[in-house]
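The structure appears right after this line, and notes come after that.
The values are calculated or read from the model by the stated rules, or taken from the named source; none is laboratory data. All of these numbers come straight from a predicted model, not from anything done at the bench. Cβ: placed from backbone, ideal geometry, glycine included. Neighbour counts: every protein chain shown.
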Amino acid sequence: MRSCRADGRRGGPGLVLAKRLQRKASQVWTVTTNFAVPWTNNGSEQSLRGVRVTLKISRCWRTLASLQRHCRTRSYLTTAGNHGIAPLIAIRNALTGNPWMPPQPA
């Protein structure tokens, strides 16, 4: 089914998307050439993905406390990773009594 645009020309959503991608090709393909650029700008979605995958596999959380522990641990590891601390290093330091803490705002 084709839709009529406001300017009278015809073009479905696929054609509109294709034209937009063609106009912005350098921006679209930046993630394949510059690995410092994240593939998505939605950090919240990435943070929730682990919870959703775990939920999908086990189908439920047994207790609210276990869900809270999981979220607290994921939050700590994500924040440490954002500050350049490898997850295993953060875990080791926390278990040896020297947990990494985020810098205090000035």
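For region 70-90, name all the residues that are over 17 Å from P103 (Cβ atoms) and surrounded by fewer than 12 Cβ atoms within 10 Å (Cβ to Cβ).
Once the filter is applied, which keeps residues that are over 17 Å from P103 (Cβ atoms) and surrounded by fewer than 12 Cβ atoms within 10 Å (Cβ to Cβ), region 70-90 yields R72, A86, L88.
For region 60-106, what are the residues that are assigned to a loop (DSSP other than H, G, I, E, B) and of a type in the set (D, E, K, R)?
First, the residues of region 60-106 that are assigned to a loop (DSSP other than H, G, I, E, B): 60-63, 83-86, 96-106.
Answer for region 60-106, where residues must be assigned to a loop (DSSP other than H, G, I, E, B) and of a type in the set (D, E, K, R): just R62.
Identify all residues within region 50-68 that are surrounded by 12 or more Cβ atoms within 10 Å (Cβ to Cβ) and basic (K, R); write none if there are none. If you could, list the steps in order and put the result at the bottom.
Applying the first criterion (surrounded by 12 or more Cβ atoms within 10 Å (Cβ to Cβ)) to region 50-68 yields 50-51, 54-55, 61, 67.
Listed by number, the list is empty, since nothing qualifies.
So how many residues does region 67-106 have that are hydroxyl-bearing (S, T, Y) and more than 26 Å from N42 (Cα to Cα)? Full working, then the answer.
Taking region 67-106 as the starting set, the residues that turn out to be hydroxyl-bearing (S, T, Y) are 73, 75-76, 78-79, 96.
Adding the requirement that they be more than 26 Å from N42 (Cα to Cα) leaves 96.
Total meeting the criteria: 1.
Applying the selection to region 5-31, what residues are modelled with pLDDT under 85 and surrounded by fewer than 10 Cβ atoms within 10 Å (Cβ to Cβ)?
A6, D7, G8, R9, R10, listed by residue number.
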